[in-house]
Amino acid sequence: MATTPSALLDSRKSTKVIVIGGGGTIGSSTALHLIRNGYTPSNVTVLDTYSIPSLQSAGNDLNKIMGIRLRNKVDLQPFFNNTGRLDCAHSEQGIRSLETQYQSLVDAGVGLEDTNEWLDNEDEILLRMPLLQRDNIKNWKAIFSHDGGWLAAAKAINAIGVYLQDAGVQFGFGPAGTFKRPLLTEDGASCVGIETVDGTRYYAEKAILAAGAWSPTLVDLEGQCCSKAWVYAHLQLTTSEAAPYKDAPVVYNADIGFFFEPNESGVIKVCDEFPGFTHFEMHQPYGAAHAQRISVPRSHAQHPTDTYPDASETSIKHAIATFLPRFQHKELFNRSLCWCTDTADASLLICEHPRWRNFILATGDSGHSFKLLPNIGKNVVELLEGRLAGDLKEAWRWRPGEGDALKSVRAGPARDLGDMVGWCHDGDMDVYGDRNDKEEGVGGKV
């Protein structure tokens, strides 16, 4: 029998919910939507190793690309910068992919062709982004998204954290917020709470694991997620250097990388584009019968001297030479590894764990979850209440053995950090000057 609206409202008021990894993108969005949907704030507990925005979250970053069409501008308006987005290609394969992407926008039948413009040559590209150098974009094609731009990522998550705190949500951070295991009923079939590494026990009717790249290290996901690192570095511009780039569109080329306009301090983030780095170790997550090879993230919060492989220095500098040649002389800083977790098909993993009732998984971002910040928590709450739309439930279901999360849908497989040199500087606290000038709100996935 269907739940009546009044019964659902009563259930929301009395149900206790724990959000593990609540300092990140999916977790903070989930906590926000629990409160918006009428859950009693004091019955919602957010756990994370670090306070919001978590230093281990992919969302704790300077900026993120926002997609071609933003469907909920109200929620993100203070943090969204509608500069436009320029998606470019120059290789034969890249141009074919771009043409397919543009046709899919037209075929969607919702008017996206009105806000997405095909640019057929460098003249048309330079009209949209005159700061690019003509000699560097010969034979390029592009799509210019008028609705695109970038989001001040860490600031957006921080604003959610302030809202949750003001609302009266409960928090556990540090060892008291770091997941150890689910608390189960005597028969082991249902979750009734969470124990953290310091031995603190939190009891609740529902627990949600939204720990991003750390999810497959915490509970057994049977190989459905593989955590990978991507890289970026920062350039510091003077006020006069930064001025021409104010409100410049995000420029992205799938064969090279992308960059954003300078922030208010004149910092530009530059990223390369590649299939990612893994970090495999023998590790036994909760629920696994034995230790297994799992890609285990290394956060800068816990490994402050990590930078990125020497190969990434070459690719980042290539991106700068292509997009920003006038700044090739600038010293790079805050060279960073940043972690997400891929599924085989790049769809989210949002479902109840099949072994433990009331233990909900909300992970598998595949590098794309931040654009979902306004609404993904709404979907998690719908799953929690048995109201998630059928197509989403099917796409985000428990699905071990269906494809290879190591490669996912990317052009090639990830390379393991164990095979790379130049990124690990344990014991060295002044590598390239990077770690000593790390900015607040920086350290997440590009």
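The values are calculated or read from the model by the stated rules, or taken from the named source; none is laboratory data. Nothing here was measured: the structure is a model prediction, and the numbers come from that model. For neighbour counting, all protein chains shown are included, and Cβ atoms are generated from backbone atoms with ideal geometry for every residue, glycine included.
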Is it fair to say Ala362 is farther than 17 Å from Ala211 by Cβ, in contact (Cβ under 8 Å) with a residue 40 or more places away in the chain and touching a strand residue (DSSP E or B) at 6+ places or on another chain (Cβ under 9 Å)?
no
Determine whether Ser145 is within 22 Å of Ser97 (Cβ to Cβ) and of a type in the set (S, T, N, Q).
yes
Given (1) closer than 30 Å to Asp87 by Cβ; (2) surrounded by 19 or more Cβ atoms within 10 Å (Cβ to Cβ); (3) touching a Pro at 6+ places or on another chain (Cβ under 8 Å), identify the lone condition not met by Pro249.
(3)
Inside the stretch 121-175, counting only strands (runs of 3 or more DSSP E) that do not spill past its ends, which hold 1 or more residues that are closer than 24 Å to Thr322 by Cβ?
141-145, 149-151
All but one of (1) crowded, with 16+ Cβ neighbours inside 10 Å; (2) free of Cβ contacts under 8 Å to residues at least 60 places away in the same chain; (3) in contact with a Ser or Thr (Cβ under 7 Å, 6 or more places away or on another chain) hold for Val197, so report the exception by its number.
(1)
Could you say whether any residue in the stretch 297-313 is acidic (Asp, Glu), under 27 Å from Ser91 (Cα atoms) and modelled with pLDDT under 95?
no
Looking at the structure I just gave you, is Lys330 farther than 30 Å from Ala288 by Cβ, part of a loop (DSSP other than H, G, I, E, B) and basic (Lys, Arg)?
yes
Please verify whether Ala346 is outside any loop (DSSP other than H, G, I, E, B) and in contact (Cβ under 8 Å) with a residue 12 or more places away in the chain, treating the condition exactly as stated.
no
When residues of the stretch 368-396 are filtered for being under 19 Å from Tyr39 (Cα atoms), free of Cβ contacts under 8 Å to residues at least 60 places away in the same chain and part of a helix (DSSP H, G or I), how many remain?
3
Picking from Gly84, Gly59, the residue that is at pLDDT below 95, touching a strand residue (DSSP E or B) at 6+ places or on another chain (Cβ under 7 Å) and not aliphatic (A, V, I, L, M) would be Gly84
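This table checks each residue for (1) more than 30 Å from Glu382 (Cβ to Cβ); (2) aromatic (Phe, Trp, Tyr); (3) in contact with a His (Cβ under 9 Å, 6 or more places away or on another chain); (4) buried (at least 19 other Cβ atoms within 10 Å of the Cβ).
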{"residue": "Leu209", "(1), (2), (3), (4)": "no, no, yes, yes"}
{"residue": "Gly212", "(1), (2), (3), (4)": "no, no, no, yes"}
{"residue": "Ala229", "(1), (2), (3), (4)": "yes, no, yes, yes"}
{"residue": "Gln236", "(1), (2), (3), (4)": "yes, no, no, no"}
{"residue": "Thr239", "(1), (2), (3), (4)": "yes, no, no, no"}
{"residue": "Asn253", "(1), (2), (3), (4)": "yes, no, yes, yes"}
{"residue": "Phe258", "(1), (2), (3), (4)": "yes, yes, no, yes"}
{"residue": "Thr278", "(1), (2), (3), (4)": "yes, no, no, yes"}
Could you tell me how many of the residues in the stretch 260-287 are in a loop (DSSP other than H, G, I, E, B) and closer than 23 Å to Asn334 by Cβ?
12
Checking the structure you have, find out if any residue of the stretch 327-348 is buried (at least 21 other Cβ atoms within 10 Å of the Cβ), over 14 Å from Lys228 (Cα atoms) and either among the β-branched types (Val, Ile, Thr) or touching a Cys at 6+ places or on another chain (Cβ under 7 Å) (or both).
no
Please tell me if Glu222 is modelled with pLDDT of 95 or more, assigned to a loop (DSSP other than H, G, I, E, B) and under 21 Å from Leu361 (Cβ atoms).
yes
Can you pull out the residues in the stretch 139-170 that are in contact with an Asp or Glu (Cβ under 8 Å, 6 or more places away or on another chain) and under 20 Å from Ala31 (Cα atoms)?
Ala153, Ala154
Failed condition for Val409, given (1) farther than 30 Å from Pro262 by Cβ; (2) not in a loop (DSSP other than H, G, I, E, B):
(2)
Can you tell which of Asp135, Asp166 is charged (D, E, K, R), within 18 Å of Pro41 (Cβ to Cβ) and free of Cβ contacts under 8 Å to residues at least 24 places away in the same chain?
Asp166
